[in-house]
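Read-outs: derived from the displayed coordinates by stated rules, not from any lab. Remember, it's a predicted structure, so these values are computed and weren't measured experimentally. Here the Cβ positions follow ideal geometry from the backbone for every residue, glycine too, while neighbour counts run over all protein chains shown.
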Amino acid sequence: MKKIEAIIRPEAFQTLRHQLDQVGVKGLTVSEVAGCGQQKGKEGIFRGTRYEIKLYPKVKVEMVVDDHEIDPIVEIIMDTCTTNETGDGKIFVTAVEEVYRIRTAEKGKAALI
Ligand SMILES: Nc1ncnc2c1ncn2[C@@H]1O[C@H](COP(=O)(O)OP(=O)(O)OP(=O)(O)O)[C@@H](O)[C@H]1O
Ligand SMILES: [Mg+2]
């Protein structure tokens, strides 16, 4: 099992969610976050004082899925979340050791879906 963590433009989320639903991805966690990439954002001015790092609003979508689902899901994220402009976001994939469904005490893949 792996966790896909996609940090995307907020305006891309509804389309992404629809596309994920089409391929049967049901469980996900979404957070409104703020961040910056390699450009570190633009310089801003607050009450006459310059500040260096501006944070941009992003949406973080987390999904824990079976290994074989990684490639198609990453492809969907790439297709739906790109504008070809800087700031489209990032996708992180990490290993997940265990999953438990609290209600039934199932674990592993049985607890995923
Ligand atoms: N290395 C990182 N670690 C954690 N979060 C990151 C990292 N890089 C980017 N992010 C998150 O992803 C968001 C979007 O990043 P962004 O798309 O600007 O990345 P980038 O590497 O600068 O690529 P681009 O050239 O397309 O702008 C950031 O606002 C931040 O929340
Ligand atoms: Mg950037």
How do the pairs read when you match residues in the range 71-91 that are free of Cβ contacts under 8 Å to residues at least 24 places away in the same chain with residues anywhere that are crowded, with 16+ Cβ neighbours inside 10 Å and small (Gly, Ala, Ser), using Cβ under 9 Å and keeping only pairs 6 or more apart or on different chains?
-> Thr82/Ala12; Thr82/Gly89
Does Val25 satisfy the condition of being within 18 Å of Ile7 (Cα to Cα), touching a strand residue (DSSP E or B) at 6+ places or on another chain (Cβ under 7 Å), of a type in the set (Val, Ile, Thr) and assigned to a loop (DSSP other than H, G, I, E, B)?
-> yes
Single condition His68 does not satisfy, out of (1) touching a strand residue (DSSP E or B) at 6+ places or on another chain (Cβ under 7 Å); (2) away from ligand 2 (no atom under 16 Å from the Cβ); (3) of a type outside the set (A, V, I, L, M, F, W, C) = (1)
Quick one: how many residues across the range 68-89 are loosely packed, with under 12 Cβ neighbours inside 10 Å and either within 12 Å of ligand 1 (Cβ to nearest atom) or within 10 Å of Met1 (Cα to Cα) (or both)?
-> 5
Which pairs do you get when a residue that is part of a helix (DSSP H, G or I), found in the range 1-20, comes within reach of a residue that is of a type in the set (Gly, Ala, Ser), reach meaning Cβ atoms under 9 angstrom, with the pair 6+ apart or on two chains?
-> Ala12/Gly89; Leu16/Ala6
Exactly one of Ile45, Ile53 is free of Cβ contacts under 8 Å to residues at least 60 places away in the same chain, part of a strand (DSSP E or B) and over 13 Å from the mean Cα position of the chain (by Cα), and that one is Ile45
Which residues, taken from the range 46-80, are touching a Pro at 6+ places or on another chain (Cβ under 9 Å) and of a type in the set (Lys, Arg)?
-> Lys58
Among (1) within 12 Å of ligand 1 (Cβ to nearest atom); (2) closer than 21 Å to Val23 by Cβ, Pro57 falls short only on (2)
